[in-house]
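Everything below concerns the one structure shown next.
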Amino acid sequence: MLFNPTIYYTVLASMAVLAVIVFFTLQRMEAAYGMTYSSRWGPALNNRAGWIIMEAPAFILLALIWILSPRATQVAPCVMGALFELHYFQRSFIFPLLMRGKSRMPLAIVLMGMVFNSINAYMIGGWLFHLAPPTLYTAEWLSSPLFILGTAVFFAGMAINLHSDHVIRNLRKPGDTRHYIPRKGLYRYVTAANYFGELTEWTGFAILTWSVPGAIFVLWTFANLAPRAKSLNKRYRDQFGEEFTSLNRRYIIPFIY
């Protein structure tokens with residue numbers, strides 16, 4: 001029942017439409033966490049706890065879908081599921097523990113993130129382990145040009161994301177609470193290089209699975225992170241003025257947007 005095709009494809013279509021709505025909504029409403037945190041969003045959690053609670057449902061739910069699936073031992077779905085889990089293990093259990101400072105995250109943001117990540121795991125897990133045509137993801141898929149190209153793009157995006165997070169973490173010395181302009185790596189070209197890395201990752205995943213749910217996840221990633229990158233760009237411009245604007249950085253995609 002959970003992976004009834006009618007229900008599943010209705011969820012996919014709804015998420016595609018909602019991504020467009022969210023993109024335009026976030027042009028006018030700033031998500032209040034990190035550099036743009038605001039107490040106006042109500043009760044808040046410690047940033048580390050917030051990230052774990054928000055991201056872990058994707059890791060846990062996909063693992064359950066995988067384990068309980070009749071395709072749980074098929075090689076290609078398992079490899080693709082492992083790539084998804086690799087990302088979310090890092091985001092759920094490693095990234096938060098590396099955080100510095102005492103930032104907080106609104107509970108509302110945490111809850112919205114939990115819902116989105118759970119639906120995303122449902123979309124990806126449902127496709128890989130239940131609804132993809134049985135003859136699509138055979139072992140031969142792992143040597144196909146799409147899988148090889150997509151995997152290369154996926155790991156390139158992960159490397160960009162991890163390096164960009166490292167740059168941000170090391171902008172401050174212990175005890176320092178000021179903001180600084182990141183200048184290393186892809187930050188030379190975009191305001192939010194970490195977001196560009198994540199967008200690249202999921203573009204790679206969409207290619208290596210060559211699937212509609214993969215494409216919808218890319219759409220959602222852009223819809224969520226592009227307005228956020230634009231908000232960060234504005235914060236940097238307001239705080240640093242010409243020192244930042246003279247760098248002529250794009251928001252999230254080098255030379256484009």
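Computed from the coordinates by the stated procedures, all read-outs in this text should not be read as laboratory data. Just so we're clear, the structure is a prediction, and the values are computed from it rather than from any experiment. Using ideal geometry, Cβ is built from the backbone for each residue, glycine included, and neighbour counts are taken over all protein chains shown.
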### Task
For region 219-233, indicate whether the set of residues that are surrounded by 16 or more Cβ atoms within 10 Å (Cβ to Cβ), free of Cβ contacts under 8 Å to residues at least 24 places away in the same chain and within 13 Å of the chain's Cα centre (by Cα) is non-empty.
yes
### Query
Taking the condition within 30 Å of Glu140 (Cα to Cα), without any contact (Cβ under 8 Å) to a residue 60 or more places away in the chain, of a type outside the set (S, T, N, Q) and touching a helix residue (DSSP H, G or I) at 6+ places or on another chain (Cβ under 8 Å), does Phe89 pass?
yes
### Task
Give, as residue ranges, the helices (runs of 4 or more DSSP H) completely inside region 67-170 that count at least 2 residues that are surrounded by fewer than 19 Cβ atoms within 10 Å (Cβ to Cβ) and touching a His at 6+ places or on another chain (Cβ under 8 Å).
none
### Task
Residue by residue through region 187-209, note down the ones that are of a type in the set (A, V, I, L, M), touching a Phe, Trp or Tyr at 6+ places or on another chain (Cβ under 6 Å) and under 23 Å from Glu243 (Cβ atoms).
Val190, Ala193
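I'd like to check something: does region 39-58 contain any residue that is exposed (fewer than 12 other Cβ atoms within 10 Å of the Cβ) and small (Gly, Ala, Ser)? Give the derivation first.
Keep residues of region 39-58 that are exposed (fewer than 12 other Cβ atoms within 10 Å of the Cβ), which gives 39-40, 42-43.
Next cut, small (Gly, Ala, Ser) only: 39, 42.
Yes, some residue in region 39-58 is exposed (fewer than 12 other Cβ atoms within 10 Å of the Cβ) and small (Gly, Ala, Ser).
Looking only at region 42-97, which residues are touching a Gly at 6+ places or on another chain (Cβ under 6 Å) and not aromatic (Phe, Trp, Tyr)? Break it down stepwise before answering.
First pass over region 42-97, keeping only residues touching a Gly at 6+ places or on another chain (Cβ under 6 Å): 54, 62, 65-66.
Met54, Leu62, Ile65 - these are the residues of region 42-97 that are touching a Gly at 6+ places or on another chain (Cβ under 6 Å) and not aromatic (Phe, Trp, Tyr).
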## Note on the structure
Here the qualifying pairs (Cβ atoms under 6 Å; residues six or more apart or on different chains; first in region 9-30 and more than 14 Å from Phe116 (Cα to Cα); second hydroxyl-bearing (Ser, Thr, Tyr) and exposed (fewer than 14 other Cβ atoms within 10 Å of the Cβ)) come out as Glu30/Thr36
